[in-house]
Amino acid sequence: MTQVAQGGEGAAAGFASAATRRKPRLRKRLNVQSVLGTTPMIATAVGVFIICIIFSIIWSFTNSKLFPNFNFIGWAQYQRLWSTDRWIISVQNVAVFGVLSIVGGMVFGYLLAVFMDQRIKQEDLFRSIFLYPFAMSLVVTGLVWQWMFDPNLGIQSAVRQMGWTSFEFAPLVKQETALYGVVLGGLWNGVGVTMAIMLAGLRGVDSEIWKAAKVDGIPTWKTYLFVVLPMMRGAIATAFILQCTGVVRVFDIVIAMTQGGPGVSTQMPAIYVIQHITDRVNVGQGMAAATMMLLPVMVLIGLQYLVRWNANRRAGRA
Amino acid sequence: MTNLAATSAGAISARGPKPRTLTASRIGVYAFLIIAALFFLLPLWVMVVTSLKTLPEIRQGHLFNWPELLTFEPWLKAWDTACTGRDCNGLKPGFWNSVKITALSVPVSIVVAMINGYALSFWKYRGSEFLFGVLIFGAFVPYQVVIYPLIIGLSKVGLFATLPGIVIVHTIFGMPILTLLYRNFFASLPIELFKAGRVDWAGFWGIFFRIMLPMSVPITIVAVILQTTGIWNDFLFGTVFAGRENMPMTVQLNNIVTTTTGVREYNVNMAATILTAAVPLVVYFISGKWFVRGIAAGAVKG
Amino acid sequence: MKSVVSVVAVVAAALLGSTAVRAADVEVIHWWTSGGEQAAVSVFAREFDALGDDKWVDTAIAGGENARSATLQRILGGDPPGAAQFNPGRQYEELIAGGMLLDLTDLATTENWAGIVRPASISEACLVDGHWWCVPVNIHSWNWAWASIPAFEKAGVALPNSFDEFLASAPKLKEAGIIPFAIGGESWQINGAFGVVQTSLLGIEKREKILKDKDIELAKAEMPAVFAKWREFSQYTDEGSANRNWNDTTNLVVTDQAALQIMGDWARGEFGVAGEKPGVDYACLALPADHPTVTTGGDIFLFPKQSDPAVEAAQLKMASMMINPQVQALFNNAKGSMPVRDDVDMSLADDCMKRGLEIIGSEANIAIDAGRWLSNDTTGQFNDLSAQFWADASMTVDDAVAKYVEILQNAD
């Protein structure tokens, strides 16, 4: 076991722990090459994202219409935003959509990756099948699934034609179920990538771990769940953030499947933002909504820094 | 280092339990995979059969049936003669533009992100973590919010509506997720690798090219898949930043598929859709082969 | 092909003096990508190319939102197209104020656009403070309903002469297995039809008082009836209506599966393509039934300012070509829309189009498009409200009116 423990240590250095654990071993030092090599990153982070975010926030306090201006009107855009039904429904929707599609994507994606990892025949074929939907743009994904869910053309009518005439499966036509239809379409498109990231993670786990687990007589499923999974923090974090960005930005697939309907029941924040800064010609309102979308992310990242800073300070005292 | 040597000897590909006979659990594995595969394939089946049907047959419903009257006309039309505005040249005019944009943007964005991830894992400097945080933050910004400043910036330097302009835009918007991908991957590599490199007095670029680059094949496949798909399917940036001469294929696809008036030719739409997805699909099939190579597959000593 | 508009070239050349000799490419962004639209835009392109050495360079981007966004962003980026399609409204008012558009006033004065464009309210979309900033090319009206004659016959009820008659016969249609009221669940379709019901119940004047003058008290008094009527309609549609395209919806009427659709005059093309005959297979009912009017929607082209004088000269030629009577005839016959001037040969038009032209002849029959008074923002909020009210039966009429009034109060 000793060998395993040591061998595992290197491979297991996952996302969250890697940063903190490495610190004593690798000191931060100013390497000119490192700064030079990351010039594009510095330019993008500072020149694009920071500037854009600052301007978004500034413009959200103005009455900008087609082109951004600097006529400040206080919190009026935010007051209007939070008194708009559609925005509130959008926020609720993105929460439900996010939880369902991230949990669904993670569980299904990891399961697929694990099953793919069983030395199966035709691995290439299966992997391609699981991955191909990702090649379809989200617009196309939405169109196809809208079709499949169409009560008169799709699955429902096909099953009825087979003889089960009371069969009902058309989630998009009802306000109560439309969102779940969108979740399903999104999963179909994106699970393959989660699987691919998880599979890359699984293949990164040291083979010694497996040998040791075998020696110790741990059942395979337990090994996957309790030994291997915690070692894949890097892959999980990547897949998680990738899906989070997909959720926050969700736009195309909803437009293609439901256009936010029936009524406004599948509206999403990103649609609100985009419609307001383009066709509805109200940049101020759109930027207020965008700022609200970014707020939770800001808080989360801020908290993470706070926790890390606090941990460092304690480590320094100890 | 013996541990690592032992590790590296062991593995080739899948490392699950290694069954020899067809047991119940084996059957379960295949049953799960096949059912999952059916879920994924059903829409493709619908698209293919629809693209081979005539319009009157489509109007009858029977979404899942094989066409009674097989026709390849929709495919020819989608590629060659479908009207996308005044021009009736199908998808083909934009095809090479899309190839051009993708072939340039994918490698550039991946190389940039790879260096970012490497530097963020092994060569941190004051503020590097902060920059990374900003990048991750940027991954959540709806694209349209960022478009205006970017248009102004690019037009100031004379790159608005040019090929280099669109490559820069794709590199910027691919950077957050790709950098995350590589940072997390490099962070999970054994630190001994890096230390061994330092012993040989290899600097930033030496370790990168001699050790890290060869190690990162599996994750690079994921990166290629992400970027090829994203850039090939991009519509928004293409219409704004590429300039008229470089308009990507998705503009034509959009014109064919989401036309707002007139008769909807579902068969042509489906054929056009499959044709447009063909290039990313080919990339998946080819690059997917390298997935089998794991972290310990010999690269450690390389 | 010999150009029918060579006279235009002479006018434009005279106007510009002798400076414009070099040929130029004029890029045109538009969203006309379907069959009939494509034929119509080809008329423009062909006629423009025939004028001389200037070339029409076509950039079609499907979806009005996409195309308009691309235009605005390209103007901002300093790479504006030579011409761009918009809908008449207020979306481009900042472009005018910002001096980003080519001033067409001299050309318009020479050709007397103000005198020939009818109804006069159509020119208001382009004529701001005495200057012409765009060219109106056609008129589309919302105030139509399309009925399947066989469907009504099958149910044994007469074609309706009013909404109340229709709503009275709807249960019988439903019994006969016909969808009484066809509509697609997209918010613009719902709000458009809602607008027609509003005009029908209130009449032009009250509608104008509410939407133009933002008369809150009148809205509070009159809108409950409109929403209540609209709720009645909502029980007579089918479950497939969610997110259905307008043309797929029209197809239900074409194939006699549905009885009635409220939709603008662009729907006529769908019947034409299917070989249906007005008066035999389908009926076009001009609305409001007691006093038919037309709304002044349609398309316009604006011409972003260019640095190259040769392109500017070509832009003026293009503007002049688009409003030329012969081009108007060819274009509008292909597009299925009404021309913006009277002296146009529309003898090819079918009975429904002729009825529309008859109605538009009198200023008293013009219901100005609400887009003239309301910003896209406000229209969008009305779209959301109509769609929400339509889909959510738990939303009461009082709730809806309260929200309607709130939007109206905050309208800019």
- Note on the structure: Answer in debye to the nearest 20: the dipole magnitude of segment A:85-317 about its Cα centre, from +1 Lys/Arg and -1 Asp/Glu charges placed on Cβ, is 820 debye
- Query: So what's the angle, to the nearest 10 degrees on a 0 to 90 scale, between helix B:266-288 and the longest Cα principal axis of chain B?
  - Reply: 20 degrees
- Task: Rank the residues A:V48, B:V108 as a footprinting-exposure proxy: fewest other Cβ atoms within 10 Å of their Cβ go first.
- Result: B:V108, A:V48
- Task: State, to one decimal in nm, how far the label point of C:R46 lies from the label point of C:E205, with both points 7 Å from Cα in the Cβ direction.
- Result: 4.8 nm
- Note the full-extension length gain between C:L218 and C:D308 as 0.36 nm times their separation in residues minus their Cα-Cα distance, in nm to one decimal. 27.2 nm
- Estimated FRET transfer efficiency when R0 is 51 angstrom, pair B:I35-B:V157 (beta carbons, to 0.05): 0.45
- Task: State the number of lysine pairs found in segment A:85-317 whose Cα atoms come within less than 24 Å, restricting to pairs 8 or more positions apart or on distinct chains.
- Result: 5
- Using 1/(1 + (r/R0)^6) with R0 = 25 angstrom and r between the beta carbons of A:A311 and B:R126, what's the FRET efficiency to the nearest 0.05? 0.85
- Task: Just tell me which lysines come within less than 23 Å, Cα to Cα, of C:K305; anything on the same chain fewer than 8 places away is out.
- Result: A:K65, B:K156, C:K55, C:K317
- Distance in Å, no decimals, from the C-alpha centre of segment A:152-177 to the one of segment B:159-211 is 49 Å
- Message: Every cysteine in the protein assembly as shown with no other Cys Cβ under 4.7 Å from its Cβ, please list them in numeric order.
- Response: A:C52, A:C244
- Expressed as an acute angle from 0 to 90° and rounded to the nearest 10, what is the orientation of the C-alpha long axis of helix B:128-138 relative to the principal long axis of chain B? 20 degrees
- Query: Which of the lysines could a cross-linker span from B:K124 if the Cα-Cα distance has to be under 19 Å and same-chain partners fewer than 8 positions apart are dropped?
  - Reply: A:K23, A:K28, B:K195
- Please report, to two decimal places, log10 I(q)/I(0) for chain B at q = 0.14, 0.15 Å⁻¹ as given by the Debye formula with identical point scatterers on the Cα atoms and no solvent. -1.16, -1.22
- Message: Taking the Cα centroid of segment A:81-126 and of segment C:309-372, what is the distance between the two, rounded to the nearest whole Å?
- Response: 51 Å
- Task: Grab the beta carbon distance between A:V215 and A:L111, set R0 = 30 Å, and tell me the FRET efficiency rounded to 0.05.
- Result: 0.70
- Item | Of the DSSP H helices in chain A, those whose Cα atoms cover at least 27 Å axially and whose Kyte score averages 0.0 or more | A:85-116, A:178-204, A:283-317
- Which angle between 0 and 90 degrees, to the nearest 10, do you get for helix B:143-156 versus the longest principal axis of chain B when only C-alpha atoms count? 80 degrees
- Item | Label-point gap, in nm, between A:F226 and C:I116 - each point 7 angstrom along Cα→Cβ | 8.7 nm
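Based on a Kirkwood Rh over C-alpha pairs, give the Stokes-Einstein translational diffusion coefficient of chain C at 10 °C and viscosity 1.306 mPa s in µm²/s.
Details: Rh = 22.3 Å.
Here the translational diffusion coefficient equals 71 µm²/s.
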- CD proxy at 222 nm, helix term only [per DSSP H run n ≥ 4: -39500 (n - 2.57); per residue of chain A; nearest 500]: -20500 deg cm²/dmol
- Task: Quick one: check the C-alpha center-to-center distance for segment B:232-250 versus segment C:185-211, whole angstrom.
- Result: 38 Å
- Item | Set of aspartates and glutamates near C:K403 by C-alpha distance (under 13 Å), chain-local residues within fewer than 8 positions excluded | A:D85, C:D384
- Span-rule helices in chain C, defined as complete DSSP H runs reaching 24 Å or more along the axis (Cα) with Kyte mean at least 0.0: C:187-211, C:216-234
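Where a number appears in this text, it was derived from the coordinates with a stated rule and is not lab data. Note that the coordinates shown come from a computational prediction; the quantities given were computed from them, not determined experimentally. Backbone-built Cβ (ideal geometry, glycine too); neighbour counts: all protein chains shown.
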